[in-house]
Amino acid sequence: MEYYRHELLVLLSFVVFINADPLVPALCIFGDSVTDAGNNNHVDTLFRANFLPYGRDFKNHKPTGRFCNGKLATDYIAEFLGFESYPPPYLGTTNKTVLLAGANFASAGSGYADETARLYKAISLRRQVKYYQDWQNGVINMVGDERANAIFSGGIHILSTGSSDFLQNYYISPVLKKLYTPSKIADILMTSYHTFIENLYGLGVRKIGVTTLPPAGCLPGAITLFGSQNNECVHRINRDAMMFNDRLNATSQDLVALYPDLKLVVFDIYHPLLALITKPADNGFFESRRGCCGTGIVETSLFCNKRSIGTCANASGYVFWDGFHPSEAANQILAQNLLEQGLGLVS
């Protein structure tokens, strides 16, 4: 498998080198803290990562707002596709020419449900689409309708969200747990997902990739908060994630049937991340239960800071950077997996 991945990346690099242009005209990102590249720096929320040790292994060793020690999986995808820079956070980006190649609209604490975003003063998925429309208008003003429409239809759009709806909303709300089963919550979230895809399609988008939920019960923070103090994955949470992923695949198939010219790929992030967690040594890691920052059990955002005692010296051996987010090293492997699954979006 590693050989195959290497050969795939070499082939893509060769194609990009020959063409001297990215393989697609734009890359746009939506979602939550797994993909937020700094939008929350400009939002009145406590969910930020614009301080050390976040970003310590990023270029210039400075924090950007990414919930990671370095690059996100979407940053690696941008590199693999041949972009010279990463999709910049839409909020706070003053160089409008840079936005021609796409933008990042993700916001830590957001989810499929508007209520999840409201709880953490994040940018809701609905608002992210509104910002995307504003971005489209800016592109049209710069290059005209014909070229802009080619950018919208030919660009790849990635959505990664949903974990916050469960871990930071449903599981911690006695009211929601009393009113709804996990299955019913998944149905409600699917309505939001369906609307999101339809809205993007109505805006001329034709290439979309959406990630499944990860094995959320294996995140260090989830084990600490929802486990039984046995230091093992919380199986009921993983079962809910798999149930949600089944709904996501079924809804996506319905959408493709409804819009035959839509290229919609469901990226399986569950199994690749689970493989890193359960067999870390096979992928060059030695720690998959604890994150690098602090004790790596519950720390995230403000609780992962430059005074965090015990933060590891080298994060490359850790699957997780903090209690909930993968390390740069893990993101690189996950991005390779996503790229393999999404080759159909490139053509």
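Taking Arg48, is it within 23 Å of Gly317 (Cα to Cα), at pLDDT 95 or above and among the basic types (Lys, Arg)? Don't jump to the end; show me each part of the working.
Working: within 23 Å of Gly317 (Cα to Cα): no; at pLDDT 95 or above: yes; among the basic types (Lys, Arg): yes.
No; evaluated as a whole, the condition is false for this residue.
Just to be sure I understand the filter: pairs with C-beta atoms under 6 Å, separated by 6 or more residues or on different chains, first member in segment 195-210 and over 16 Å from Val265 (Cα atoms), second member part of a helix (DSSP H, G or I) and not polar (S, T, N, Q). Which pairs pass?
Asn199/Val129; Gly204/Phe152
Step by step: first the residues of segment 201-226, then only those that are out of contact with any strand residue (DSSP E or B) (no Cβ under 6 Å at 6 or more places or on another chain) and of a type in the set (A, V, I, L, M), then the one that is surrounded by the most Cβ atoms within 10 Å (Cβ to Cβ). Which residue is that?
Checked segment 201-226; the qualifying residue surrounded by the most Cβ atoms within 10 Å (Cβ to Cβ) is Leu219.
Yes or no, residue by residue, for (1) within 22 Å of Asn331 (Cβ to Cβ); (2) more than 20 Å from the chain's Cα centre (by Cα):
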site	(1), (2)
Val129	no, no
Tyr132	no, no
Asp145	no, yes
Phe166	yes, no
Lys178	no, yes
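Can you work out which of the residues in segment 284-316 that are assigned to a helix (DSSP H, G or I) and modelled with pLDDT of 95 or more is surrounded by the fewest Cβ atoms within 10 Å (Cβ to Cβ)? Can you show your working first?
At the first step, the residues of segment 284-316 found to be assigned to a helix (DSSP H, G or I) are 301-303, 315-316.
Filter once more, keeping what is modelled with pLDDT of 95 or more: 315-316.
Working: Ala315: 25, Ser316: 17.
Among those that are assigned to a helix (DSSP H, G or I) and modelled with pLDDT of 95 or more, it is Ser316.
Do we find a residue being more than 30 Å from Pro22 (Cβ to Cβ), touching a residue at least 24 places away in the same chain (Cβ under 8 Å) and of a type outside the set (Ser, Thr, Tyr) anywhere in segment 256-272?
No; the residues of segment 256-272 include none that is more than 30 Å from Pro22 (Cβ to Cβ), touching a residue at least 24 places away in the same chain (Cβ under 8 Å) and of a type outside the set (Ser, Thr, Tyr).
Please report, ordered by residue number, the helices (runs of 4 or more DSSP H) entirely within segment 197-283 with at least 1 residues that are closer than 22 Å to Asn337 by Cβ and among the β-branched types (Val, Ile, Thr).
Output list reads 235-258, 270-278.
Does segment 1-45 hold any residues that are farther than 30 Å from Ala122 by Cβ, in a loop (DSSP other than H, G, I, E, B) and at pLDDT 55 or above, and which are they?
Ala20, Asp21, Leu23
Test Asn238 against the stated conditions and say whether it is surrounded by fewer than 16 Cβ atoms within 10 Å (Cβ to Cβ) and either touching a residue at least 60 places away in the same chain (Cβ under 8 Å) or over 17 Å from the mean Cα position of the chain (by Cα) (or both).
Taking the combined requirement at face value, the residue does not satisfy it.
Can you tell me how many residues in segment 46-75 are assigned to a loop (DSSP other than H, G, I, E, B), closer than 24 Å to Arg127 by Cβ and touching a residue at least 24 places away in the same chain (Cβ under 8 Å)?
Of the residues in segment 46-75, 11 are assigned to a loop (DSSP other than H, G, I, E, B), closer than 24 Å to Arg127 by Cβ and touching a residue at least 24 places away in the same chain (Cβ under 8 Å).
Any residue that is under 19 Å from Arg118 (Cβ atoms), of a type outside the set (D, E, K, R) and in contact (Cβ under 8 Å) with a residue 40 or more places away in the chain - is there at least one of those in segment 174-191?
yes
The values are calculated or read from the model by the stated rules, or taken from the named source; none is laboratory data. Keep in mind that this is a model prediction, so the values were computed, not measured. Virtual Cβ from ideal backbone geometry, glycine too; neighbours counted across all protein chains shown.
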